[in-house]
């Protein structure tokens, strides 16, 4: 379902495969939700393995929004995510990587 060449990731939520994508609008919403924090700090936390559950939810919510999902954050907080917290972490890390890396990796990060 998710097209890696388009920066998309698929995550199964409540038994339904959902497309996640960090569009510019989704990134702006994510940044607004981070408050004084920055996207760079979020990426650094993921690279160092120091991310929080709040980071995961914010990132997945932004990806869902970019994929066209119209639900509320409260719904996501109560949802069953395939693979549990580790599945959510893998999807979130992959989403960040796909948003900020040239497909194929030959040219490195954008």
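Below is a table of values for the structure above.
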| read-out | value |
| --- | --- |
| Computed [θ] at 222 nm, helices only, for the chain once each DSSP H run of length n ≥ 4 contributes -39500 (n - 2.57) | -16000 deg cm²/dmol |
| Full-stretch length increase - residue 12, residue 75 - with 0.36 nm per residue and alpha-carbon distance subtracted | 21.3 nm |
| Extension gain from residue 23 to residue 50, taking 0.36 nm per residue of separation minus the Cα-Cα distance | 7.3 nm |
| Point-to-point label distance, residue 41-residue 100, nm (Cα→Cβ direction, 7 Å offset) | 1.4 |
| GNM result for the chain, Cα springs below 10 Å: residue of 67, 35, 25 fluctuating most strongly | 35 |
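Any read-out appearing in this document is the output of simple, stated calculations on the displayed coordinates, not a laboratory observation. Computed from a prediction, not measured in an experiment: that's the story for all the values here. Note: ideal-geometry Cβ built from the backbone for every residue, glycine included; neighbour counts use all protein chains shown.
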